[in-house]
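In what follows, a structure is listed as structure tokens, so that the remarks can point back to it.
The values are calculated or read from the model by the stated rules, or taken from the named source; none is laboratory data. Keep in mind it's a predicted model, so treat the numbers as computed, not measured. Positions of Cβ are backbone-derived with ideal geometry, glycine not excepted, and every protein chain shown enters the neighbour counts.
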Amino acid sequence: MKVLIALTYYRPHTSGLTIYVERLARALAGRGHQVTVLTSQYDKALPRQEHLHGVTVVRVPVAFRVSKGVIMPTIGLAATRLVPHHDVLSLHLPQLDASGIALRGRLTRKPVVLTYHSDLTLPPGIFNRIVDRGVFVSNIIAARLSDMIVAYTADFATHSPFLSRYLNKVRVIAPPVHVHSPSPAEIEAFRARWNPDGQRVIGMATRLAAEKGVEYLLGALPRVRAVFPNTRVLFAGQHQNVLGEESYARRLAPLIAAEGDRWRFLGNLDQTQIAAFFANIDTLVVPSINSTETFGLVQIEGMLLGTPSIASDLPGVRQPVRMTGMGEVVPVGDSAALAEAVIRVLSDRARYVRPRADIEALFSTERTAEQYEQLFDELLARRSPATVSPSNLTVRR
């Protein structure tokens with residue numbers, strides 16, 4: 001099967017969405033499919049086309065940026081060239097260009113599957129409101145042209161202003177999760193570097209972005225330290241030059257500086273390092289504040305390594321804790337409630353830990369890829385029911 005995946009940003013850009021799509025693309029390629037990713041050349045240093053881990057990546061030049069987004073005048077030409085040579089289209093929203101690509105899929109009778117990762121929330125301002133509306137309209141058109149829409153959870157789908165319009169098209173597929181199993185030596189090396197004095201550790205694994213609610217963790221720390229004085233925060237992920245988040249970083253800088261060495265930025269970590277990170281923290285905190293966060297893959301990654309999560313009570317974001325019992329759910333934007341949840345987990349951490357096998361039964365990259373594959377087969381069979389059957393559409397290894 002030839003699968004064309006389209007999204008605004010792809011690796012090496014780091015976000016939950018790009019990690020999701022990279023895992024899906026690589027897993028589908030590993031199952032014998034020909035996978036092409038159509039995306040932006042958001043950094044001019046990136047090649048226009050390359051082959052990464054069995055996946056062909058085609059990047060379209062960027063004319064200019066709009067807040068966190070990019071404008072690619074020639075993406076329509078690229079899509080027109082690529083769509084006819086693929087069997088199925090997998091579009092990942094929010095994406096300004098999704099409607100045009102979906103239309104090309106409809107015109108060439110290619111099944112179109114949308115995956116809706118999150119709502120789009122731009123900073124205040126008249127221009128950003130116009131952009132936000134434009135993306136929303138494009139997503140609406142793409143949804144109407146699509147055959148099926150994938151959501152992470154039914155919880156988010158039923159609460160999303162976008163997805164709730166199309167529940168008859170929604171297929172729930174759990175996101176792809178993979179985490180390296182660190183060796184004792186890797187875990188110890190990480191501890192020796194980042195927490196040599198053996199303090200209690202609260203972890204965050206994300207970008208330094210406004211929707212992540214970092215200020216609420218900062219607000220919770222005084223109460224936590226009243227009970228556990230030797231507590232530090234390790235923040236894994238991009239914290240400098242985050243697209244569209246410069247003013248947010250400046251606003252938090254004095255608060256973070258006041259933490260001194262009790263708050264440490266680790267930067268982007270590779271798969272070995274992030275696994276050692278999860279294995280070294282006492283709890284992961286996901287204090288997100290709006291629907292740009294719809295699940296939090298890092299919660300499951302941490303749980304696979306025995307780390308409880310404390311998550312905001314947002315549709316989708318609360319599901320990893322609810323599905324596994326590994327953690328606490330707290331009200332959105334409530335530092336006091338967050339502090340009390342951290343104290344409960346630190347006080348009786350073993351009560352929250354579940355066997356790894358229980359988590360793996362619910363989440364894995366291979367399971368996600370298999371369900372996408374089954375969905376693609378189903379839609380292709382509908383296109384040509386007399387001549388096409390799922391058994392001859394896929395190549396499994």
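Search the range 23-74 for residues being outside any strand (DSSP E or B) and among the hydroxyl-bearing types (Ser, Thr, Tyr), and hand back the single one that is surrounded by the most Cβ atoms within 10 Å (Cβ to Cβ).
Among those residues, the one meeting the criterion is 42.
So which residues in the range 326-378 are without any contact (Cβ under 8 Å) to a residue 60 or more places away in the chain, of a type in the set (Asp, Glu) and not in a helix (DSSP H, G or I)?
328, 348
Report whether or not residue 164 is surrounded by fewer than 19 Cβ atoms within 10 Å (Cβ to Cβ), within 21 Å of the chain's Cα centre (by Cα), not aromatic (Phe, Trp, Tyr) and not in a loop (DSSP other than H, G, I, E, B).
Yes, satisfied.
Working carefully through the options 282, 313, find the one that is touching a Leu at 6+ places or on another chain (Cβ under 7 Å), assigned by TED's automatic domain parsing to the domain that holds residue 331, acidic (Asp, Glu) and at pLDDT 95 or above.
282
Considering the range 223-234 alone, what residues qualify as being outside any strand (DSSP E or B) and in contact with a helix residue (DSSP H, G or I) (Cβ under 8 Å, 6 or more places away or on another chain)?
Correct list: 223, 224, 227, 228.
Report the residue count in the range 257-273 for those that are of a type in the set (A, V, I, L, M, F, W, C) and within 11 Å of residue 234 (Cβ to Cβ).
4
Within the set of pairs 6+ apart or on separate chains, which have a first residue in the range 29-57 that is on the phi > 0 side of the Ramachandran plot and aromatic (Phe, Trp, Tyr), a second that is at pLDDT 95 or above and outside any strand (DSSP E or B), and C-beta atoms under 8 Å apart?
Nothing qualifies.
Taking into account only those residues within the range 235-264 that are part of a strand (DSSP E or B) and under 20 Å from the mean Cα position of the chain (by Cα), which is nearest to residue 199 (Cα to Cα)?
235
Any idea which of (1) buried (at least 19 other Cβ atoms within 10 Å of the Cβ); (2) outside any loop (DSSP other than H, G, I, E, B) is the one residue 323 doesn't satisfy?
Of (1) buried (at least 19 other Cβ atoms within 10 Å of the Cβ); (2) outside any loop (DSSP other than H, G, I, E, B), only one is false for residue 323: (1).
Exactly one condition in (1) modelled with pLDDT of 95 or more; (2) of a type outside the set (Ser, Thr, Tyr); (3) under 28 Å from residue 181 (Cα atoms) is not met by residue 253; state its number.
Checking residue 253 against (1) modelled with pLDDT of 95 or more; (2) of a type outside the set (Ser, Thr, Tyr); (3) under 28 Å from residue 181 (Cα atoms), the one that fails is (3).
Residue-wise test of (1) surrounded by fewer than 17 Cβ atoms within 10 Å (Cβ to Cβ); (2) under 18 Å from residue 345 (Cβ atoms); (3) outside the structural domain of residue 16 (by TED's automatic domain parsing).
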| position | (1), (2), (3) |
| --- | --- |
| 200 | no, yes, yes |
| 209 | no, no, yes |
| 213 | no, yes, yes |
| 216 | no, yes, yes |
| 221 | no, yes, yes |
| 233 | no, yes, yes |
| 251 | yes, no, yes |
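Look at the range 289-332 and say how many of its residues are over 17 Å from residue 353 (Cβ atoms) and of a type in the set (Gly, Ala, Ser).
Residues in the range 289-332 being over 17 Å from residue 353 (Cβ atoms) and of a type in the set (Gly, Ala, Ser): 4 in total.
For the list (1) under 21 Å from residue 119 (Cα atoms); (2) in contact (Cβ under 8 Å) with a residue 24 or more places away in the chain; (3) not in a loop (DSSP other than H, G, I, E, B), I need the number of the one condition that residue 220 fails.
Only one criterion is unmet by residue 220, namely (1).
Say we look at the range 86-121 and pick out the residues that are of a type in the set (S, T, N, Q) and in a strand (DSSP E or B); which of these is surrounded by the fewest Cβ atoms within 10 Å (Cβ to Cβ)?
115
A quick yes/no check of all residues on (1) of a type outside the set (D, E, K, R); (2) in contact with a strand residue (DSSP E or B) (Cβ under 8 Å, 6 or more places away or on another chain); (3) over 20 Å from residue 155 (Cβ atoms):
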{"position": "259", "(1), (2), (3)": "no, yes, yes"}
{"position": "286", "(1), (2), (3)": "yes, yes, no"}
{"position": "291", "(1), (2), (3)": "yes, no, no"}
{"position": "295", "(1), (2), (3)": "yes, no, no"}
{"position": "306", "(1), (2), (3)": "yes, no, yes"}
{"position": "314", "(1), (2), (3)": "yes, no, no"}
{"position": "318", "(1), (2), (3)": "no, yes, no"}
{"position": "323", "(1), (2), (3)": "yes, no, no"}
{"position": "349", "(1), (2), (3)": "no, yes, yes"}
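Return the only residue of 290, 268 being among the polar types (S, T, N, Q) and closer than 24 Å to residue 182 by Cα.
Answer to the check: 268.
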